[in-house]
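*Asks:* If you scroll down you'll find the structure; I have some questions about it.
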Amino acid sequence: MRMKDLRNLLSGSLALAVVALLSGCDEPQTSPYPSQTTLTPPPAYRLRTGDVIDIKFMFSPELNEEQTVQLDGHASFQLAPDLLVAGKTIEEAQRMVEEIYSHTLRDASVSLSVKGPLQWKVYVVGEVTTPGEYATTGPAMTITQAVARAGGLKESADADNVVLLRRDGNVERAYGVSYTDAVNHYTPTADVQMADFDVLYVPRTGVAQSGVAWRHYVMQFLPPNIICELGATATVMP
C-alpha cells in the first residue's frame, strides 16, 4: 500500500469514528458489511402529507368522505376533526377511525384507502452515475429499477456488495444485496422490491474490503435518533 493511500485510509477512519460518535451508533463491527440476505416483502405503506384518504362506512354511508392529510400530519373527519394519521399504515389509520366512530355508531365498520396511486421515494447513493432521490407512483421500484433511474453503475462500483438501508421503527437496518444477482436474475428474489425511503448504497470496488467506508456515505440520511444495525437478518420486518 502506498503511503498516500494509507494516509487517506487513516483519515477516512478518523472521520468515520467522529460520525459514529455524533450519531450515537455503535463502533463498527468486525464485518461491517451485512451478509447477503433474502429480504421479506417491504413494510406497509405509511400515510404522508398530501395523501387523499377515502373512508367508506358499511352501515352509515352518509358519513363517507374524502380528506387530505395536512402539512401537520392531521386529517379532519366529521366525527374525528383532528386525527394524526401521517406515519400510520392504512390499517392503523382505519382502526383509529373505527375506534373513534364506535363511540357514536353501533357498527363503525369502515373501509379506508388512499385515493390515487401510492407515492414512493427511494435514495440511490455511492458509485452510480447520478446519485440522489427518486420518486415513483404505483408499484415500488426494485433495486435494478432504482439503479437504472440513477443512470446505472459506474465502472468503479462493487456490484456484489450493495447495501440496502431500511427503516424499521426507530431502527435503520442494513441488508447486503447483490446487484449482479438481481440484474442477471440468478434467483427469483434477487431483485429486491424497495420500500418507501429506502437507501441503496453502491460501494466502490476495493472500499468494500476495507470495511467501514459505506457509513460515511449513508449517515447523512439517518436522523440522530436512528439506531444503526449492521449485519441484520431479514426475519424481523413490519
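*Asks:* Go through segment 95-100 residue by residue and turn each phi into a ³J(HN,Hα) via Karplus (6.51, -1.76, 1.60, θ = phi - 60°); whole Hz please, and just put x for glycine and proline.
*Replies:* 5, 4, 5, 4, 4, 5
*Asks:* With charges only on Cβ, +1 for K and R and -1 for D and E, what is the dipole size of segment 52-114 about its Cα centre, in debye, rounded to 20?
*Replies:* 80
*Asks:* Turning to a different aspect of this structure: Order of 190-200, 104-114, 89-99 by packing, highest average Cβ count within 10 Å first?
*Replies:* The packing order, highest mean first, is 190-200, 89-99, 104-114.
*Asks:* So, one more: Over segment 52-114, what is the relative contact order in percent, taking alpha-carbon pairs closer than 8 angstrom and at least six residues apart?
*Replies:* 38
*Asks:* Can you pull the one-decimal nm distance between simple spin-label points at Ser113 and His74, each 7 Å off the Cα toward Cβ?
*Replies:* Label-label distance for Ser113 and His74, simple model: 2.8 nm.
Only the coordinates and a few stated rules stand behind these numbers; no lab work does. Please read these numbers as outputs of a predicted model, since none were measured by experiment. Because the Cβ atoms are built from the backbone with ideal geometry, glycine has one as well, and the counts that use them run over all protein chains shown.
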